[in-house]
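All of the numbers you see were taken from the coordinates with simple rules; none came from a lab. A quick note: this is a predicted structure, and the numbers were derived from the prediction, not measured. Using ideal geometry, Cβ is built from the backbone for each residue, glycine included, and neighbour counts are taken over all protein chains shown.
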Ligand code: ADP
């Protein structure tokens, strides 16, 4: 027997209407490319997002058409996040940190019809415009010049007046984002209204990231990557004040904005948190941050010393794991009610794990012989399923092997799961080091190295070895004014690792390559060091 409840669609349109009706006075604060601060309210946002929706409809945009954005995090990008889906189309966020050829490839693959681009990004657009096939280009005028293109402001003026939303179904597509290609060709993930709404609900839960209307949310992760970790949707759903930092994401600019806006929740990758920590350490006592600032970290594994360091400055770090394919939040590391008695050391060990799945997300670790036990030791490939996990990529049938026959998504991450359900990422399949038939986790070595007080950054990669197949090589950036040698680091690591797991070589450099989303670009390092000549002997 069916339940007798209304079949009410979970769409972003409802969130847009609600935020105006109930929270129209709440502010959205943006830092613009010229560093000036722009403020308006959710009522202004609502009016303009609807204008955009109507103008797009009048311009012939149909249900399911893709409208691309090439923009920093600011209020007009937020308008695109909601205005485009409100007319039934799909917001496709292009990653401005990719190579222009790659951006062009992605825009064509997605079949984007219109592009909305920040004027300050026009030089980037010029570099791929001949490869892309946009019918129209709308330029967001930060500095009063649209460079000969149509002006976004003139465009949305045409959408003034009443607007009738199309009646959208919750499973229709609302947004699109391509994976940033850390492991292979970029692949398009197509989010439905329903997935974005349910993800926002789960994100806000007290046992997830505990966000409410009284919070001040900063969308710090780029809005062109994994929906800025979902913060813009959560902010609008709750009617919480939203802060958008524009292109200014260095430690000092962020701390300034945290302080002036009294931000209480934000998310970032470890590289950005490390920058913020350095800013706090450099000038202790300078910054007056909100007393309950919660920082979510994900995207790669945060070193324990970073979590401890931010704790010392009153920034409470919560660890999440997720992917573009999981909207992105899928697991969170939180102590359970009966874990209060754990020692401080044990609590940190738990917080360094990637955590347990949010409601409706299921996880399992698969070995060669099937699912591995939840014993915290046996490793397997992490697989996930749930209502905000992608069911396939956009127009890429060749990638269907990423889904199992019984409907799980194969993440490409290797993990353990303990008896409490805490998942720990051991590595990405491609980054594990296979030494003499045993596996070494590059992530564990990196995290331990980064805990050394004189190390700023560390990458550990597999380098071919004539006898052992592969051996670990560590590439280290020391903190300013610090000097280290191999012996220092080996004896430091020796406290945690067996001798055969230690890197056979350490290289000291001034900086490490990063991906467009601030992760270590290990493929570039592997390429650079593939011909490494190992010294005689070694550690095995
Ligand atoms: P990309 O493939 O470009 O890196 P994503 O941003 O979707 O794209 O990255 C997802 C990957 O990031 C995960 O598969 C995982 O390897 C890594 N990751 C995400 N969160 C964490 C975390 N908390 N700890 C370790 N790795 C993480």
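Results, tabulated for the structure shown:
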| quantity | calculated |
| --- | --- |
| Shape call, segment 431-528: gyration tensor on alpha carbons, a/c limit 1.5 | oblate |
| For segment 431-528, share of DSSP beta bridges that run antiparallel, in % to the nearest 5 | 80 percent |
| Length added when fully stretched, residue 143-residue 536, from 0.36 nm per residue minus Cα-Cα | 135.4 nm |
| Estimated FRET transfer efficiency when R0 is 56 angstrom, pair residue 288-residue 150 (beta carbons, to 0.05) | 0.80 |
| Footprinting exposure proxy for 375, 118, 154 (fewest neighbouring C-beta atoms within 10 Å first) | 375, 154, 118 |
| Linear extension gain, residue 348 paired with residue 399, 0.36 nm per residue minus alpha-carbon span | 14.6 nm |
| At q = 0.05, 0.06, 0.08 Å⁻¹, base-10 log of I(q)/I(0) for the chain (Debye sum, equal scatterers on each alpha carbon) | -0.20, -0.29, -0.53 |
| Where labels lie 7 Å past Cα in the beta-carbon direction, separation of residue 248 and residue 418 in nm | 4.2 nm |
| FRET efficiency, 1/(1 + (r/R0)^6) with R0 45 Å, evaluated for residue 339 and residue 482 via beta carbons | 0.80 |
| Inter-site label distance for residue 529 and residue 507 at 7 Å from Cα along Cβ, in nm | 0.6 nm |
| Reference-scaled alpha-carbon Rg (2.2 N^0.38 Å with N residues) for segment 292-414 | 1.19 |
| At R0 = 25 Å, FRET efficiency that the Cβ-Cβ distance of residue 25 and residue 162 yields, to 0.05 | 0.65 |
| Label point distance in nm, residue 454-residue 40, each placed 7 Å from Cα along Cα→Cβ | 5.4 nm |
| Debye-sum result for segment 155-264 in log10 I(q)/I(0), which assumes one identical scatterer on each alpha carbon, at q = 0.17, 0.20, 0.22, 0.24 Å⁻¹ | -1.03, -1.18, -1.23, -1.26 |
| Folded to 0 to 90 degrees: helix 251-261 orientation relative to the chain principal axis, Cα | 50 degrees |
| Helix 75-86 vs. the chain, principal-axis angle (Cα, 0 to 90°, nearest 10) | 70 degrees |
| Principal axes of segment 23-148: Cα extent on each, largest first, Å | 43, 35, 24 |
